Amino acid sequence: MTDVLLEVEDLTVDFPTDDGVVTAVRGVSYTLRRGESLGIVGESGSGKSVTSLAVLGLLPRTARVSGSVRFGGKELLGRGDNEMSQFRGRKIAMIFQDPLASLNPVYTVGNQISEAVLAHNDVGKDVANKRALDLLETVGIPHAKQRMDAYPHELSGGMKQRVVIAIAMANNPDVIIADEPTTALDVTVQAQVLEALETAREATGAALVLITHDLGVIAGHADRVGVMYAGRLVETGTVDDVFYKPRMPYTLGLLGSLPRIDAKTHERLTPISGAPPSLLNMPSGCPFRARCPLATELCAEQEPQLFGVGQGHSAACHFHERLIDAQPREIFN
Amino acid sequence: MTKQLETVNKADTVAEFTVKERSQLRIIVTRFLRHRLAVASLITFLLLIVVAYGGAALWKYAYTDITPDNSQPPSLAHPFGTDGIGHDNLAQVLRGLQQSIKIALMVALIATVIGTTWGATAGYFGRRVDNLLMRLADVVIILPAIAVAAALASVGQGSWFTIALIIGVLASASVSRVIRGVVLSLREQDFIEAARALGASDFRIIARHLVPNTMGPLIVNATILVAVGILAETALSFLGFGVREPDVSLGLLINQAEGAVRTRPWLFYSPGVFIILIALSINFIGDGLRDAFDPRQTRVRQ
Amino acid sequence: MIAYAIRRLLISIPVLIVSSFLVFAMIANSGDPLEALRVTNPPTPPETIALEAKRLYLDLPWYERYWVWMNNLWHGEFGPSVNVRENINTEVWTRLGVTLRLVLVAMLLALILAIVAGVTAAVKQYSKTDYTVTFFGFLFLATPTFWLAILLKEAGITLNQIDGDPESRMFYTYGDRSVFLDDPTWWNKFTDVAGHMILPTVSLALITFASWSRFQRSSMLEVLGSDYIRLARAKGLRWRKVLTKHALRTALIPLTTVTAIDFAGLIGGAVITETIFGWAGMGQYLIDSVTTRDVYALMAWLLVAGAIVVLFNLIADLLYGVLDPRIRHD
C-alpha cells in the first residue's frame, strides 16, 4: 500500500529550561496509512503526547522542533499558525487526555461543537447546530437535544469526553489523534468512550493514532503499535508481533507487569524496577540500561538503533536476539 | 559503575539516573536564587536597612540637629539639602527610613500572626465558628484606618508601635480571608482525611499538616504586607494621622515638603524615591517567592 | 439568586451596626468636639457652650448618644453636625456625588488600560511589551498615591506656566469646580468640571491600573495555558478567534469581580487624591469629621461607605454567578 497519510520523520523536540535542555522527543519516525490504527504506548514522560502535539504545531513557542512531519506529502513543520489551523480539525483532529479541562467552562456544549463545524465550513449557525446535534447523537449522548444547551460542568467525565470526540469528528478528518482518551475516566466509562471512538472512526473513515499507557486498550483497538521510552520509539510492529514476540526488554517488562486472564499457570507479575531517566541532559547509551537485566558495557557506550527483527517489526536493543521466545519471568526475576 | 550495570541487582544504579533528591527547602531556595530580580531586590532591601541604621549612626548630623544652613540645595555638606528650619535632610530621611521600615515590618508580623490564627481557626472549624469569625472580618474591613488612628492617637501618644498595631490589625482581616481560603481547600485534601482517620487530634492536624502546607501563601502574603504596611503608614503620616512631629517618617517628610515642591524640590523627591525603592524591592521579592513556592511554575528560559 | 442576595444583605446589617458602634465608641471617647469653642478669644459664653452641648447630646453618656443616633437614623436623620450650618444628610449625598464622579471615571480609564496592557503582555509573554507593562505595573504599584498626585499637580502647574501667561491654564490643580464662572452656560460648566477632573482622575487611575494590569496579565496567562485553549486551537480555530472568544472572555471574569470590590474600596480610598486636589468629596468628609470629632458626620460616612462595600461585594459575587456558569448562588 502506498496510501500513506502521515509521515513523521526523525522528529526531535527540545525544551530549554532553567535547569538545562529537556529533550522530550528524540528522532521519532512513523508512518500512518489511510484508515489504519496505530497505537503508541509508553510511560508518562516518554514523549508520546509531545510527539502528537508537535504534529499539530500545538507546542509552546519555546519548544524547538526539528525533523519532518508530512501530511499527504505536504510538510507541516515550519508553517505559520494560521496555515496550520487549516489542517487542525479538518485534516487532523485531536482528542486530549483530560476531558474535564478540555472544554471551555463558559460556553455550552452545543456552541463548542458547532464552533468546530463553523471553523472549516462556510455554513450558517443553524446548519452548524444541526450538525452538532447529529454528532452528539452519533457519539451516544442521551437526550442530545437538551445537552446542546448544557454547560460542561453539568456533564459527567465520560459524557465530556464523548463531546470532545464529537468535536474531533465534526469535519470528517483523515486522522484522529487520541491522547490518552480514557486515562482520566472510570473503568466502566472507558469502554463506552472507546466505543464512541470506534463509532467516530467508522463514521469518518479516519486513521487513528491512539496514545495510551494501557496495553489492553492497544490490543483491542490498534493494528500496529509503537513502544516509546525516554523520547524514542524502542519497538514497533504489528500488535501480534509486539505483544507475542517482543524483542526489546522494556516491552517484555511492560507485558510482564500486566495481569492476564488467559494465564495457564498461576503466574506472578514481574514489575520493572526503577524509574525512567530524567530527560534533562540525558546520559549517552541506551536509556533503559539502568533498569535492564541484560545491560552490558556496550549499552553504556552505544545507544541501539531500531534493528529490523522481522517483517515490519523492529526493536532497539543490542540483544534483541536473546529475547526470542523469552518469558518476562525468565528475564526480570 | 559499568560493572555494577551487569549485575542483576540494579538497586544501586538507579540513583545514577534519577535526579538527586533535594529537600523542599533547598528547592525553594534554589528557585528563588534563580529569580535574579528578586535576589537583587532582597539585597537592595537589606542594604536599605543597613543604610538606615548604620548610616544614621555614622552621619555627622542627627535628625534633631538644627544646622545654621537652612533651605540649602544638595551639596557635599548636605547631600540631600536642608529644610526651611535647617534640619539636615539626609539625617531626616534616614530617620524616616528607620521608622517606616520598622513600622512596615511590624505591620507584616502583626497582620500575619493575627490573620493566620484567625483564618486558620475559621477555615478548620467551619460552620458557626467560621461564620462568626468571617462576619468579624467584615466588620474590621469596614473600619476606616484614619478614624481608628485618630481615636487612638491620644492613647498611644502616636508611637510607631501604635501605628503599626492599628495598620496590622486592620490588615489582618484581609489576611484571615486568604488563609481561610487556603485552609478550606486543604481541609478537603486526602492527607488531612488520612490523618483524621488515624485519630490525630485537631491540634496535631493543624500544627503538623495545615500550617506547613500554608507556609507558601503565608510567606508570600507576609512579604506583600511589608509593602502594604509601608504605603499605608506613609499615607497615614502624610495625612497627619500616623507618625507625628517631632518624630519623622517618610510620609510626614513629604507632607512637610508639599508646599515647597517648587522652591525646595530635594525635600519632596528624596523621601518619595526611598518609599518607591522599598515598596518596589518588596514586591519583587514577593514575586520571586511566589514563583519559588509554586510547584507548577517551571520558568522557561527565553 | 434573589433569595441569596436578600440573605446576604440581611447578614450585613449586624456587620454595619457592630462596626458603627465600635467607631462611635472610639471617636466619642477620644476628645471633645467643642474644644474649638472653649478656646476662642474672646471666650465663648458658657451658656452658648451648654446649648451646643445639649444640641449634640453631649449631656448624655456616649452609649446613650449612640442610642439617640440610632433612633434618629430610624427616622431618616443622620443627626446634628458639630458645624451648626451643616446638614449631614445633604452634605453626605453631595459629597458622594463628587467622589463617584472621580472614582467612576478613574476606574473606567484604569479598566481599559489594564485590560489592553494585561492581555497584550500575556499574549506576548517575555516580549518588550510584556517587560514594559510589567515594569510600569510594578512601578506604580510601589508609588505612594500622595506622592504621584503631588507630582502630577506640580507638572500641571508647570505646564500652565509654560506659555508665560499667568491667566491662561491647561490644567486645574485645585477644587472639583470653579467657584465663580464668568459665563455659566451649561457648556462652560461642563468643560470646567471636566477640566478639574483630569489630574485627579489620572493619578487615581494610574495607581489602580498598576494592580489590575498585573492581575489581568496573570489571569490571561493562566487561561492561555489551559487545556481548553489547546482544544480550541486543535479544532482549527484561528489564533485571533481563540484569543477573543475563548481566552479573553474567560480571563475577564476574575477582573470583573475585583473591579467591583476595588470600586467600593476606592470610595474611601480616594481620600488622598481628594485632599491633594482639594475636592470636597467623601474622603475630605472623613478627615474633617475625624479632626473635628464630628461623630454623627463620621457615622454617616461610615454607613454610606460601608453600605457601598457590602453592596459591591454582593454585586461581585452575583456577577461571578452570571459570568461563570459553574457558580450558582442559591
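Taking the Cα centre as origin and putting +1 on Lys and Arg beta-carbons and -1 on Asp and Glu beta-carbons, what dipole magnitude results for the protein assembly as shown, to the nearest 20 debye?
1040 debye
Which one, B:Ile141, B:Gln24, B:Leu289, projects farthest toward the positive side of the charge dipole computed for chain B from Cβ point charges (K/R +1, D/E -1)?
B:Gln24
If the chain between C:Ile13 and C:Asn41 were fully stretched, how many nm would it gain, using 0.36 nm times the residue separation less the Cα-Cα distance?
Value of the extension gain: 5.6 nm.
Would you calculate, for the protein assembly as shown, the mean residue ellipticity at 222 nm contributed by helices, counting each DSSP H stretch of 4 or more residues as -39,500 (n - 2.57) and dividing by all residues, to the nearest 500?
Estimated from H runs of four or more residues: -18500 deg cm²/dmol.
Quick one: among C:Val223, C:Val271, C:Val119, which has the greatest mean-square fluctuation in a GNM of chain C with alpha-carbon springs under 10 angstrom?
It is C:Val223.
Could you check the simple spin-label distance between A:Ala203 and C:Asp227, using points 7 Å along Cα→Cβ, in nm with one decimal?
Between A:Ala203 and C:Asp227, the simple spin-label model gives 2.1 nm.
Could you work out how far apart the two model spin labels at A:Arg322 and A:Thr62 are, taking each label as a point 7 Å from the Cα in the direction of the beta carbon, and quote it in nm?
4.1 nm
So how do C:Thr191, B:Thr112 line up by other beta-carbon neighbours within 10 Å, fewest first?
In order of increasing Cβ crowding within 10 Å: C:Thr191, B:Thr112.
Running a GNM on chain B with Cα contacts under 10 Å, which residue among B:Glu258, B:Glu188, B:Glu245 ends up with the highest mean-square fluctuation?
Of B:Glu258, B:Glu188, B:Glu245, the Gaussian network model singles out B:Glu188 as fluctuating most.
Can you list residues whose amide H is under 5 Å from A:Met94's amide H, if they're 5+ apart or on another chain and H is modeled 1.01 Å from N?
Hits under the 5 Å cutoff: A:Gly89, A:Ile177.
Most mobile of A:Arg289, A:Arg224, A:Arg247 per a Gaussian network model of chain A (Cα springs, under 10 Å)?
Evaluated over chain A, the most mobile residue of the options is A:Arg289.
Provide the FRET efficiency to the nearest 0.05 for the A:Thr296-A:Val4 pair, computing r from the beta carbons and using R0 = 30 Å.
Plugging the Cβ-Cβ distance into 1/(1 + (r/R0)^6) gives 0.20.
To the nearest 0.05, what FRET efficiency results for A:Arg329 and C:Thr256 with a Förster distance of 51 Å applied to their C-beta separation?
Efficiency at R0 = 51 Å is approximately 0.25.
Going by how many other beta carbons lie within 10 Å of each one, how would you line up A:Cys292, A:Cys286, fewest first?
Least crowded to most crowded, the residues run A:Cys292, A:Cys286.
Compute the distance in nm between two label points, each set 7 Å from the Cα along the Cα-to-Cβ direction, one at C:Thr158 and one at C:Ile6.
In this crude label model, C:Thr158 to C:Ile6 measures out at 5.9 nm.
Highest first, please rank the peptides A:49-62, A:163-176, C:66-79 by the mean number of other Cβ atoms sitting within 10 Å of their residues.
So the order, starting with the most tightly packed, is A:163-176, A:49-62, C:66-79.
For a quick check: with amide H placed at 1.01 Å from N, whose amide H comes under 5 Å from A:Gly226's, ignoring anything fewer than 5 positions away on the same chain?
Counting only residues 5 or more places away or on other chains, the set is A:Gly39, A:Ile40, A:Val41.
Return C:Lys128, A:Lys91 ranked ascending by Cβ neighbour count within 10 Å, so the fewest neighbours appear first.
Neighbour counts put them in this order, fewest first: C:Lys128, A:Lys91.
If you check each cysteine of the protein assembly as shown for another cysteine whose beta-carbon is under 4.7 Å away, which ones come up empty?
So, A:Cys292, A:Cys317.
Can you list the DSSP H helices in chain B whose Cα atoms extend at least 24 Å along the helix axis and whose mean Kyte-Doolittle hydropathy is -0.5 or higher?
Correct list, ordered by number: B:89-125, B:160-187, B:211-239, B:265-293.
Please find the FRET efficiency linking A:Glu83 to A:Leu258, where r is the Cβ-Cβ separation and R0 is fixed at 41 Å, and quote it to the nearest 0.05.
With R0 = 41 Å, the Cβ-Cβ based efficiency is 0.45.
Mind checking the mean number of beta-carbon atoms from other chains within 10 Å of the Cβ atoms in C:150-159?
2
Averaged across A:113-125, how many Cβ atoms of other chains sit within 10 Å of each residue's Cβ atom?
2
What average number of partner chain Cβ atoms lie no more than 10 Å from the Cβ of the residues making up C:117-130?
The mean count of partner-chain Cβ atoms within 10 Å per residue comes to 1.
Can you bin chain C into rounded, prolate or oblate? Criterion: square roots of the alpha carbon gyration tensor eigenvalues sorted a ≥ b ≥ c, rounded for a/c under 1.5, prolate for a/b above b/c, oblate for the rest.
Oblate.
Only bridges with both residues in chain A count here: give the DSSP antiparallel percent, nearest 5.
Roughly 60 percent of the DSSP beta bridges within chain A come out antiparallel.
May I ask what percent, to the nearest 5, of DSSP beta bridges between residues of the protein assembly as shown are antiparallel?
65 percent
Under 5 Å between amide H atoms, partner at least 5 residues away or on a different chain: which partners does B:Asp88 have, H built in plane at 1.01 Å?
B:Thr67
Give a residue-ordered list of calculated ³J(HN,Hα) values for the range A:193-201 (Karplus: 6.51 cos²θ - 1.76 cosθ + 1.60, θ = phi - 60°; whole Hz; x for Gly, Pro).
Per residue, the Karplus-derived 3J(HN,Hα) values read 5, 5, 5, 4, 5, 4, 4, 4, 5 Hz.
Tell me which DSSP H helices of chain C clear both cut-offs, 27 Å or more of axial length from alpha-carbon atoms and a mean Kyte-Doolittle hydropathy of at least 0.0.
C:2-28, C:88-123, C:186-224, C:249-269, C:295-323
FYI, it's all coordinate maths here, none of it is from the lab. Note that the structure is a prediction, hence the values are computed from the model and not measured. Positions of Cβ are backbone-derived with ideal geometry, glycine not excepted, and every protein chain shown enters the neighbour counts.
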